[in-house]
Amino acid sequence: MPTSLTQQATHSTLPEWLWVVGALAVAAGVTGWLVLSGEPRGRWSPLDLLARAGSSLRRVTGLPAWAAAGIVAHSWALLVAGVGFYWDVAWHIDLGRDSQLFTPPHTLILVGLFGIAGAGLVSIALATHEQADGLWRIGRLRIPRGAAALLALGTGAAIGFPLDDLWHRTYGIDVTMWSPTHLMMIGAAALSPLGAWLLLGEAGPSTARPQVRKVIAIRLAVLTLLALGALQLEFDDGVPQWQALYDPVLIAIGATLPLVAARVTIGRGAAVTSALLYMGARTLIALIVGPGLGHVMPHFPLYVGIALCVEVAFAIAGRRRLLIPALLAGALAGTVGLASEWGFSQLFSREPWQPELLAGIWVAVLAALAAAALGAGFGAVIVGRVHAMARPLLAAAGAVVVAAVLIPLPRNGLPVTATVRTHAAGPKQIAVDRYGEASLFQMARVEVDVAQVDAAELRGADWFWVISWQGGGRRANPLAEVAPGRWVAAAPSPTGAAWKTMVFLAKGDVIASIPVAMPADPASGLDAIPLQQTRTQQFEPAAVYLTRESHAGARWPAILAYSALAAMVSVWLALLVGGVLSLSRASGVSRRSRMTLQGRDRAIDARALAHL
């Protein structure tokens, strides 16, 4: 049935804005309780109120106020931004472009990104107020390493928001997560849990009650899984625009690194506990976005198999040098763990993995090995195990992770001409497009024919389907070969109204498509691609139709956006890597100092015994 697109004109309703009000109310309520329950102070200046709240957190957690406040504020901010992000992507898949900039999901994202920066500022303010030791210093300022990273990450992400509006005004709607301005926001949020981990590490391994510290560390591990998993959302929502190989590569990195870090930081069972809690969180988010808000429900990977591999690896080799269990965990995660994801994809994924992925799965295996080494090294620094992993090895692991992300990057068309035939599968109905104009809605069954000499180019595809989106939902119908060179869709597909429908082929580095029917877009100067009984043309790069509304424009916004992305990523990595190295050196100095003091005490005791 055609879907009314009245919601597209306004995008937001009053109940949707209650999500924003609720998020702010939670922050205000928790902050108010912390202030009222804090240590009494004579003055009521903003800094004194902040110190009162910090004293409550210190009493509850046992952590220094600056560490506890930064971690709690970051957790709230990341969850708020995450709900907005999952909601926004699903909304665009279902209904297309926004008609206003400040929609409820956009507002949640922006509030969350500012909250990440705010978490860094709060941590710096409390550390300076307490004149905490062992932190970075600029004059009187005391700057926790993690807080510096959070401030830079949140600020960079917030800068991405106006740049994103400029990008779309200049180049049109690109409908992809991976534009430079989107990556500024998504990348900052994905890396931000590492800053919160640093705060926990700077607080010291002996701070907080053991059980409380374990709960905090588990929560940070789950947040890291959720944050890195956001990069997989195009696959989770079923509108991927990149090679299928990216899915196992991103899973290998996004699961193995946090789970190994959790196992090193927390101990036995931490990887499985984190994976199970991650599954619970993703299920809740899926229910909120899907049945709750009425959009396409995101699916998600399992992670439990990879977590079990990590636990087994550390159980087998846990008493040896950290490098041994880490590499064993990576090897198991990249083989047995990804095999479990392969099986789970057949049950729950919107794009079940196909046997053809085996040819490139070595990239994901290498990614898992490198991610395991990075996770082990990071976790070791957090708990003060200095020199547990050699720095050159960790640098090489970082390079491998970057290479693994770049290898599946190419996307190509397919020099094959096909004939797309459509057959009516129901009556025509009057519908309304996104501009309020009358349109004909038609369910149509799709067939694809190619010359037998070209049929091999279409066989063994990662995905070969008829996909429809932005008409009020998302539909994907697989194409099955019923005769040599002839493919038929499993079910009819919607066309007309605001539906965009096309034949979509993904095979290795080929990401190509042929349109079936697409609506006119007067705002972008695009005519409709009408439904035809027969259309013969060559497969074109899928981006031609997936990002149909994008267009050329002045070069300077692109130069600005890519330059800002490169600059921000450089600053983020410099602060995170520099923070880890600095914390490692500080932990090493502290450990040597303790050993020196212990040696001096033993010498004094020995001299005292000699006198006796």
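Rule-based calculations on the coordinates, nothing more; no lab input. This structure is a prediction, so every number in the text was calculated from the model and none was measured. Here Cβ is always computed from backbone atoms with ideal geometry, including for glycine, and neighbour counts include all displayed protein chains.
Can you work out the FRET efficiency for the pair A483 and L141, with r the C-beta to C-beta distance and R0 = 60 Å, to the nearest 0.05?
For A483 and L141, the calculated efficiency is 0.25.
Calculated FRET efficiency, A315 and I559, Cβ-Cβ r, R0 45 Å, to nearest 0.05?
Here the calculated transfer efficiency is 0.30.
Please work out the Cα center distance from segment 127-163 to segment 94-115, rounded to the nearest Å.
Answer, in whole Å: 26.
For the chain, what does -39500 (n - 2.57) per DSSP helix run (n ≥ 4), summed and divided by total residues, give at 222 nm, in deg cm²/dmol to the nearest 500?
Theoretical 222 nm ellipticity from helices: -19500 deg cm²/dmol.
Separation between the W33 and I430 pseudo-spin-labels, each 7 Å from Cα along Cα→Cβ, expressed in nm?
Placing both labels 7 Å along Cα→Cβ, they lie 5.6 nm apart.
Please name which of S513, L135, L479 has its Cα lying farthest along the dipole of the chain towards the positive end, using unit charges on Cβ (Lys, Arg +1; Asp, Glu -1) and the Cα centre as origin.
Most positive-ward Cα: L135.
Give the residue from Y246, L328, L440 lying farthest towards the positive end of the charge dipole for the chain; charges sit on Cβ (+1 for Lys and Arg, -1 for Asp and Glu) and the dipole is referred to the Cα centre.
Working it through, the farthest residue towards the positive pole turns out to be L328.
In whole angstrom, how far apart do the alpha carbon centroids of segment 188-211 and segment 241-294 sit?
Segment 188-211 and segment 241-294 have Cα centres separated by 19 Å.
Could you list the residues of segment 312-345 with an amide nitrogen less than 17 Å from a label point located 7 Å from the Cα of H387 in the Cα-to-C-beta direction?
From segment 312-345, the list is 321-323.
Expressed as a whole number of Å, what is the distance separating the alpha-carbon centroids of segment 358-400 and segment 511-540?
Cα centres, segment 511-540 to segment 358-400: 45 Å.
Going by how many other beta carbons lie within 10 Å of each one, how would you line up S349, S563, fewest first?
The most exposed by this proxy come first: S563, S349.
Order of E481, E341 from fewest to most other C-beta atoms within 10 Å?
The most exposed by this proxy come first: E481, E341.
Please give the net charge around K507, taking every other residue with its beta carbon less than 13 angstrom from that of K507, where Lys and Arg add +1 and Asp and Glu add -1.
Its environment carries a net charge of -4.
Between Q538 and A574, with labels modelled 7 Å along Cα→Cβ, what's the label distance in nm to one decimal, could you check?
Between Q538 and A574, the simple spin-label model gives 4.6 nm.
FRET efficiency for A25 and R169, Cβ-Cβ distance as r, R0 = 35 Å, nearest 0.05?
So, using R0 = 35 Å, E works out to roughly 0.60.
Longest span of the chain, sites excluded, free of trypsin sites (Lys or Arg not before Pro) in DSSP loop with at most 14 other C-beta atoms within 10 Å?
Working: sites that count: R41, R43, R140, R268, R319, R320, R321, K428, R459.
That gives 460-612 as the longest site-free run.
Rounded to the nearest 20 Debye, what is the dipole magnitude of the chain about its Cα centre when Lys and Arg each give +1 and Asp and Glu each give -1 at the C-beta?
2900
Starting at the first residue of segment 561-577, write each ³J(HN,Hα) from the Karplus equation 6.51 cos²θ - 1.76 cosθ + 1.60 with θ = phi - 60°, in whole Hz, x for Gly and Pro.
The phi angles translate into 5, 5, 5, 5, 4, 4, 5, 5, 4, 4, 5, 4, 5, 4, 5, 5, 5 Hz.
Dipole size in debye (nearest 20) for segment 417-541 around its Cα centre, Lys and Arg Cβ +1, Asp and Glu Cβ -1?
The dipole of segment 417-541 has a size of about 380 debye.
Please work out, to two decimal places, the log10 of the ratio I(q)/I(0) at q = 0.12 Å⁻¹ from a Debye calculation in which every Cα of segment 485-565 carries one identical scatterer.
-0.48
Just need the Rg to Rh number for the chain, please, alpha carbons only, Kirkwood Rh.
Ratio of gyration radius to Kirkwood radius: 1.03.
Along segment 48-64, what does the Karplus equation 6.51 cos²θ - 1.76 cosθ + 1.60 (θ = phi - 60°) give for ³J(HN,Hα), rounded to whole Hz, x for Gly and Pro?
Going residue by residue, I get 5, 5, 5, 5, 4, 4, x, 5, 5, 5, 5, 5, 6, 9, x, 7, x Hz, with x marking Gly and Pro.
Which log10 I(q)/I(0) values does segment 209-410 give at q = 0.12, 0.15, 0.18 Å⁻¹ under the Debye formula, counting every alpha carbon as one identical point scatterer?
-0.56, -0.87, -1.21
Taking 0.36 nm per residue of separation and subtracting the Cα-Cα distance, what length does fully extending A491 through A403 add?
Answer, rounded to one decimal: 27.7 nm.
Order these by the 10 Å Cβ neighbour count, fewest first: L79, L358.
L358, L79
Over 18 Å, how big is the tail of the calculated P(r) for segment 417-541, in percent of all Cα pairs?
Of all Cα-Cα distances in segment 417-541, 50 percent exceed 18 Å.
Subtracting the Cα-Cα distance from 0.36 nm times the residue separation, let me have the gained length for R268 to A523 in nm, one decimal. Walk me through the numbers on the way to the answer.
Values: separation 255, 0.36 × 255 = 91.80 nm, distance 5.72 nm.
Stretched fully, the R268-A523 segment lengthens by 86.1 nm.
What residues from segment 131-149 fall in the zone where the backbone N is under 19 Å from a label point 7 Å along the Cα-to-C-beta line of A567?
So the set is 149.
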